[in-house]
Amino acid sequence: MNFFQRFFGHLRTVHKHRAMVRKLCFKFGLYWQGLTHDLSKYSPVEFWNGVKFYTGTKSPHVGEREAYGYSKAWIHHHNTNKHHAEYWQDIGRDGRPYAIEMPPEYFVEMLCDRVAASMVY
């Protein structure tokens, strides 16, 4: 697959996913979240890694993990998007992990995200 196929394939997938999440969020009255969902996917670290590892059959994060042992794009994504459970986790001064309560609107967005991801990806 050449660069242009990967570029437009990844772009199309991101747009399709965002449109599906938007549709689902709107059903729950989460208009702003529906409109702004996953805008970080257009940031350089997420977008260009998505293009580089785009296959059309699996998440680009899988390819990046296979290549480097971790996915820099995924780390950036869940650390900048409140609809991911990982965003609400931290490590205390005692070194033990703990969770912060996720507000209901982000929990609903997370469910919309997962449903849309299962439909698109």
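Before moving on, here are some points about what is shown:
- Positions within segment 1-42 being touching a Ser or Thr at 6+ places or on another chain (Cβ under 9 Å) and not in a helix (DSSP H, G or I), in sequence order: M1
- Subset of segment 72-104 (residues that are more than 12 Å from the chain's Cα centre (by Cα) and open to solvent by less than 70 Å² (accessible area, probe 1.4 Å)): W88, G92, G95, M102, P103
- Selection within segment 89-121 - part of a loop (DSSP other than H, G, I, E, B), within 30 Å of T13 (Cβ to Cβ) and at pLDDT 95 or above: M102, P103
- Within segment 21-70, being more than 20 Å from S118 (Cα to Cα) and either in contact with a strand residue (DSSP E or B) (Cβ under 9 Å, 6 or more places away or on another chain) or hydroxyl-bearing (S, T, Y) (or both) holds for Y31, Y42, S43, Y68, Y70.
- Residues in segment 48-98 that are closer than 26 Å to N2 by Cα and among the charged types (D, E, K, R): K52, K58, E64, R65, E66, K72.
- Cβ-Cβ contacts under 7 Å between residues 6 or more apart (or on different chains), taken from a first residue in segment 2-22 that is basic (K, R) to a second residue that is in a helix (DSSP H, G or I), are listed as R6/V51; K16/V120; R22/G34; R22/L35.
The values are calculated or read from the model by the stated rules, or taken from the named source; none is laboratory data. Quick caveat, the model's predicted, so the values are computed rather than measured. Note that each Cβ is placed from the backbone with ideal geometry, even for glycine, and that neighbours are counted across all protein chains shown. For accessibility, only protein heavy atoms count, side chains too; no ligands or nucleic acids. Shrake-Rupley method; radii C 1.70, N 1.55, O 1.52, S 1.80 Å.
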